[in-house]
1. With respect to the numbered conditions (1) touching a residue at least 24 places away in the same chain (Cβ under 8 Å); (2) part of a loop (DSSP other than H, G, I, E, B); (3) out of contact with any strand residue (DSSP E or B) (no Cβ under 6 Å at 6 or more places or on another chain), which one is the sole condition not fulfilled by Leu115?
2. So Leu119 passes all but one of these: (1) farther than 12 Å from Val174 by Cα; (2) buried (at least 18 other Cβ atoms within 10 Å of the Cβ); (3) within 14 Å of the ligand (Cβ to nearest atom). Which condition number does it fail?
3. Which of the following residues is farther than 24 Å from Asp79 by Cα, small (Gly, Ala, Ser) and within 11 Å of the ligand (Cβ to nearest atom): Ala196, Ala204, Ala208?
4. Output the residues belonging to region 191-241 that are modelled with pLDDT of 95 or more and hydroxyl-bearing (Ser, Thr, Tyr).
5. Can you name every residue in region 20-60 that is among the basic types (Lys, Arg), within 13 Å of the ligand (Cβ to nearest atom) and in a helix (DSSP H, G or I)?
6. Would you confirm whether or not region 79-94 contains a residue that is touching a helix residue (DSSP H, G or I) at 6+ places or on another chain (Cβ under 6 Å), exposed (fewer than 15 other Cβ atoms within 10 Å of the Cβ) and not polar (S, T, N, Q)?
Amino acid sequence: MSFALIIGASGDIGGACAKRLAAQGWSLYLHYDQHERPVTALLEELTAAYPKQDFLKVQYDFTDETHLDRLTSQLFGVDAVVFAAGMTYYHLFQETTVGELSTLMKVHLLTPMVLLTKLQAKLAVSGRGRVVFIGSVYGAAGSAMEVAYSTVKGAQSAFAKAYAQEVASLGITVNVVAPGAVATKMNAMFDDATLAAVRAEIPAGRFAEPADISFYVASLCAPDAAYLTGQTLYVTGGWLR
Ligand SMILES: NC(=O)c1ccc[n+]([C@@H]2O[C@H](COP(=O)([O-])OP(=O)(O)OC[C@H]3O[C@@H](n4cnc5c(N)ncnc54)[C@H](OP(=O)(O)O)[C@@H]3O)[C@@H](O)[C@H]2O)c1
């Protein structure tokens with residue numbers, strides 16, 4: 001049985017990835033940080049729908065890159081990791097605090113990188129390990145008011161490009177699915193007028209739903225997706241790319 005670790009399964013995109021992978025036969029470690037309740041509900045839903053698969057909750061705060069053994073000690077086999085945790089801060093770069101920079105860098109980049117050093121041996125066991133980051137089109141296009149966020153999202157793609165080369169011979173692929181604007185609670189801070197202005201710029205005429213993103217994540221995790229690695233797939237409805 002194949003096991004995927006979904007980092008940020010309590011979030012909207014991570015939750016959609018969990019549902020899609022479970023439907024394709026994966027057993028799952030469902031990660032959360034502050035919000036256990038959505039993961040508990042997800043676990044109950046998936047256990048009822050797929051009783052022959054295993055679903056386990058794991059908690060960890062990704063602003064702490066130093067105690068990852070507390071997370072990895074709960075994992076047995078791991079065949080895929082999906083990094084779908086994250087947040088943004090919306091203001092001018094000049095107003096960015098060191099705390100915000102540190103949180104962005106740790107949650108999106110540093111802690112995932114440290115975690116992969118610890119999980120690589122497990123990912124190599126099946127000969128078809130999979131790593132997928134949820135990046136962002138801002139990592140390529142950049143965005144005023146989200147300069148630090150754009151920076152860490154671009155760095156995820158740079159990391160995937162390089163790390164993919166190191167682990168290709170182990171059968172591990174490393175890719176990024178980079179959404180444009182997705183209808184999730186991460187955008188709850190924006191008022192209706194701001195959201196409408198963004199929607200007007202998107203050629204597809206709508207925000208992505210989490211399921212629009214999870215489709216590509218699950219596709220990249222499939223056993224047959226063995227020859228695409230180091231890539232960033234922009235899933236934007238035609239926006240900015
Ligand atoms: N929504 C968009 O328009 C959009 C566009 C492009 C890219 N993305 C990216 O997609 C990913 C998922 O975002 P989303 O829209 O699904 O947001 P979301 O629904 O707000 O989910 C955010 C997830 O991140 C987790 N998280 C936050 N801080 C954490 C920490 N310190 N340690 C560990 N986990 C933490 C949350 O866990 P808890 O709630 O349990 O604390 C939650 O699972 C992010 O990387 C985001 O940058 C989103």
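1. Going through (1) touching a residue at least 24 places away in the same chain (Cβ under 8 Å); (2) part of a loop (DSSP other than H, G, I, E, B); (3) out of contact with any strand residue (DSSP E or B) (no Cβ under 6 Å at 6 or more places or on another chain) one by one, Leu115 breaks only (2).
2. Among (1) farther than 12 Å from Val174 by Cα; (2) buried (at least 18 other Cβ atoms within 10 Å of the Cβ); (3) within 14 Å of the ligand (Cβ to nearest atom), Leu119 violates only (3).
3. Ala208
4. Within region 191-241, Ser214, Tyr216, Ser219, Tyr227, Thr229, Thr232, Tyr234, Thr236 qualify.
5. Arg37
6. yes
Results for (1) within 12 Å of the ligand (Cβ to nearest atom); (2) among the basic types (Lys, Arg); (3) within 19 Å of the chain's Cα centre (by Cα); (4) surrounded by fewer than 18 Cβ atoms within 10 Å (Cβ to Cβ), shown as yes or no for each residue.
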site	(1), (2), (3), (4)
Val125	no, no, no, yes
Val131	no, no, yes, no
Gly135	yes, no, yes, no
Tyr138	yes, no, yes, no
Val147	no, no, no, yes
Ala162	no, no, yes, yes
Glu166	no, no, no, yes
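Yes/no per residue for (1) closer than 21 Å to Phe190 by Cα; (2) touching a Ser or Thr at 6+ places or on another chain (Cβ under 8 Å):
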{"position": "Arg130", "(1), (2)": "no, yes"}
{"position": "Tyr138", "(1), (2)": "yes, yes"}
{"position": "Ser143", "(1), (2)": "yes, yes"}
{"position": "Tyr163", "(1), (2)": "no, no"}
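The values are calculated or read from the model by the stated rules, or taken from the named source; none is laboratory data. All values derive from a computational prediction rather than experimental measurement. Neighbour counts are summed over all protein chains in view; Cβ atoms, including those assigned to glycine, are modelled from backbone coordinates with ideal geometry.
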